[in-house]
Amino acid sequence: MKSESTPRGSFGSQLGVILASAGSAVGLGNIWRFPTEVGKGGGAAFILIYLAFIFLLAMPVMISEFVIGRSARSNAIGAFQKLSPGKPWIVAGIMGVLGGFLVLSFYSVVAGWTLHYTIQSALGQLQGGKGTDFGAAFNAFVSDPWQPILYLAIFMLLTHLVVARGIQHGIERYSKLMMPLLLAIIVLLVAFSLTMPGAKDGIRFLLQPDLSKVTPDVVLGAMGQAFFSLSVGLGCLVTYASYFSKETRLVKSAMNVCIIDTMVAVLSGFIIFPTVFSVGISPDAGPGLVFITLPNVFLLSFSEMPVIGYAFALLFYVLLLLAALTSSISMHEICTAFISEHFSKSRRKAAAIVTVICLVLGGFCSLSFGPWKEVTFCDKGIFDLFDYTVTKFLMPLGGLLITLFVGWYFDRKLVEQQLTNDGSIPVRTMKPLLFLIRWVAPFGILVIFLNELFPLFI
Ligand code: PFF
């Protein structure tokens with residue numbers, strides 16, 4: 001391991017790079033959002049579209065972010081300032097940092113719910129009694145003015161503690177600890193869920209495409225999901241790549257992260273759908289799927305064997321919590337790196353500023369499920385507004401600008417130097433890769449994004 005040679009910090013090993021970047025990618029997006037979208041989008045049909053978007057649109061954005069980050073060795077805004085001084089490209093960085101604040105705020109609310117459910121399941125309180133109404137329990141919890149904010153604050157504090165410790169001692173160290181644990185729990189839970197009676201129907205749902213469910217909305221949803229899941233478009237990976245060493249292989253690292261992220265998403269489907277089908281609950285239960293449907297399942301299927309129900313529930317929520325934490329630290333880092341470098345603040349101070357701002361914004365999001373339900377802008381509550389702004393607007397637009405920057409503005413030679421580590425490693429896929437970055441990704445994103453604003457094309 002190398003020591004932190006620059007004052008900015010750097011990752012100490014290639015494994016650290018992959019696990020931290022995969023940690024950012026693997027999150028609530030994979031285990032909570034992906035199965036929900038699959039449920040609504042016709043199972044395998046959605047998955048096929050999603051896979052195409054991951055490799056044709058989101059991965060080129062990821063590689064472009066890596067190129068920008070390692071070339072500039074600066075935070076998301078500073079990177080564009082350095083590489084294109086005085087040019088409007090800085091807008092991409094500003095949108096990214098703004099998006100970082102928004103995404104951390106609403107994400108931590110759901111992460112706070114997860115923390116609550118983890119504690120509940122550890123205390124054995126999820127099993128409840130036979131007649132427990134989990135929907136009512138969930139609604140009562142999220143609409144309480146204080147409880148969810150308390151959990152949000154605890155979760156934010158955990159995120160803060162990791163980020164404040166820096167790159168090698170904080171982000172890298174905890175990713176190396178949490179990611180293997182997370183992967184082990186997933187494998188265990190898949191094995192668990194595949195043995196449930198009736199699991200076949202869930203597997204069929206995941207493997208047989210139902211094309212009748214594919215609407216334009218589903219296609220848009222799949223792109224939003226691909227971007228959200230890979231954490232691209234907000235400069236999160238620009239920030240992480242600014243800590244990569246000059247030996248880090250950008251293309252290989254991106255491929256690894258995409259494969260790990262996709263595997264975790266699909267495996268989460270293999271945990272949730274066989275379980276849900278085994279007790280005859282509809283797969284399109286929506287966002288309540290993991291907080292309402294699953295506790296029901298744990299109760300129904302294991303009423304004879306409460307110990308197994310207990311272990312299943314606890315492991316599942318621990319998994320969700322770990323995934324949320326490895327992602328939230330990367331969102332926090334986008335903002336912390338910017339504040340620390342732009343305003344010359346120590347990492348600890350910068351991290352504290354970000355934590356306080358996101359705590360306040362997150363509190364607003366949390367209240368929008370309870371006392372502030374009626375507060376809406378353009379028909380959306382505060383939580384939905386943040387979610388919408390980030391996933392439907394800032395991420396695609398950021399992805400578009402980032403691929404245009406690397407594909408068309410940035411010197412082609414410098415791009416190739418980054419991708420080949422100054423010519424020391426061959427990249428056999430260079431031509432198709434550059435084609436994806438220059439043409440396929442920007443054009444694809446533009447068509448889908450414009451259609452979102454003016455629903456004409458599809
Ligand atoms: N990729 C994360 C997930 O799937 O949960 C979410 C995320 C992380 C989005 C970091 C944006 C970001 F900058």
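The values are calculated or read from the model by the stated rules, or taken from the named source; none is laboratory data. As the structure is a prediction and not an experimental result, all values here were calculated from the model. Every residue, glycine as well, gets a Cβ built from its backbone with ideal geometry; the counts of neighbours run over all protein chains shown. Just so you know, the surface numbers come from the protein's heavy atoms only, side chains and all, with ligands and any DNA or RNA stripped out. Shrake-Rupley method; radii C 1.70, N 1.55, O 1.52, S 1.80 Å.
Could you please state how large a percent of the accessible area of the chain is carbon and sulfur, counting protein chains only and using a 1.4 Å probe?
Exposed carbon and sulfur together represent 68 percent of the surface.
Anything over 22 Å Cα to Cα? Flag those among K87/K413; K87/K431; K40/K200; K40/K373; K345/K392, in the order listed. Don't skip to the end; give the middle numbers.
On the way: K87/K413 20 Å; K87/K431 28 Å; K40/K200 19 Å; K40/K373 25 Å; K345/K392 32 Å.
From K87/K413; K87/K431; K40/K200; K40/K373; K345/K392, over 22 Å: K87/K431; K40/K373; K345/K392.
Where the centre of each part is set by its Cα atoms, how far does segment 345-378 sit from segment 243-296, in angstrom?
27 Å
Could you tell me which of A52, F277, F80 has its Cα farthest along the dipole of the chain towards the positive end, charges placed at Cβ (Lys, Arg +1; Asp, Glu -1), taken about the Cα centre?
Result: F80.
Evaluate the distance, in nm, between pseudo-label points positioned 7 Å from the Cα of M430 and of Q208 along their respective Cα→Cβ axes.
About 4.8 nm separates the two model spin labels.
Of the options Q225, I186, G198, report the single residue whose Cα projects farthest towards the positive end of the charge dipole of segment 160-245 (beta-carbon charges: Lys, Arg +1; Asp, Glu -1).
The Cα lying farthest towards the positive end belongs to I186.
Can you tell me the convex hull volume per residue for the chain, based on C-alpha atoms, in Å³ to the nearest whole number?
Looking at the chain, the number lands at 140 Å³ per residue.
I'd like the trypsin sites (Lys or Arg not before Pro) in segment 191-286 restricted to DSSP loop residues with at most 14 other Cβ atoms within 10 Å, sorted by number.
K246
How many angstrom lie between the C-alpha centres of segment 380-458 and segment 156-235?
If you average the Cα positions of each part, the centres end up 22 Å apart.
What's the magnitude of the charge dipole for segment 324-390 around its Cα centre, counting Lys and Arg as +1 and Asp and Glu as -1 at the beta-carbon? Answer in Debye, nearest 20.
Once rounded to the nearest 20, the dipole reads 380 debye.
Have a look at segment 82-178 and give its Rg and Dmax from the Cα atoms, expressed in angstrom.
18.9, 65
Which sequence of D210, D217, D261 reflects their accessible areas, 1.4 Å probe, from the largest down?
D217, D210, D261
With +1 assigned to the C-beta of every Lys and Arg and -1 to the C-beta of every Asp and Glu, and no other charges, what is the dipole magnitude of the chain about the Cα centre in debye, to the nearest 20?
Taking the Cα centre of the chain as origin, the dipole is about 1360 debye.
List, in order, the whole-Hz ³J(HN,Hα) value for each residue of segment 161-172 obtained from phi through the Karplus relation with A = 6.51, B = -1.76, C = 1.60 and θ = phi - 60°; use x for Gly and Pro.
Whole-Hz 3J(HN,Hα) from phi for segment 161-172: 4, 5, 5, 4, 7, x, 6, 5, 7, x, 4, 5.
Provide the gained length on full extension for the span K200 to L15, in nm with one decimal, where the gain is 0.36 nm per separating residue minus the Cα-Cα distance.
63.0 nm
Could you sort 22-30, 438-446 so that the peptide with the highest average Cβ count within 10 Å comes first and the rest follow in order?
Answer by packing, highest mean first, reads 22-30, 438-446.
For labels at E416 and M255 in the simple 7 Å Cα→Cβ model, what's the distance in nm?
Going by the 7 Å Cα→Cβ label model, 2.0 nm.
Along its principal axes, what span do the Cα atoms of segment 1-138 show, with the longest given first and each in whole Å?
Its Cα atoms span 63, 39, 29 Å along the three principal axes.
Over the chain, give the accessible area per residue in Å² for a 1.4 Å probe, as an integer.
Result: 40 Å² per residue.
Where nothing but the Cβ of Lys and Arg (+1) and of Asp and Glu (-1) is charged, how large is the charge dipole of segment 123-248 around its Cα centre, in debye to the nearest 20?
Working: 8 positive and 7 negative charges, 65 e Å.
Roughly 320 debye for segment 123-248.
Evaluate E = 1/(1 + (r/R0)^6) for S84 and E304, where r is the Cβ-Cβ distance and R0 equals 51 Å; express this FRET efficiency to the nearest 0.05.
0.20
From the helices alone, meaning DSSP H stretches of at least four residues, give me the mean residue ellipticity at 222 nm for the chain, per-run term -39500 (n - 2.57), in deg cm²/dmol to the nearest 500.
Theoretical 222 nm ellipticity from helices: -21500 deg cm²/dmol.
Top to bottom by accessible area (1.4 Å), largest first, where do I185, I292, I259 land?
Putting I185, I292, I259 in descending order of accessible area: I259, I292, I185.
Residue by residue, what Karplus-based ³J(HN,Hα) values in Hz, rounded to whole numbers, does segment 296-304 have, using 6.51, -1.76 and 1.60 with θ = phi - 60° and x for Gly and Pro?
4, 5, 4, 6, 5, 7, 10, 4, 7
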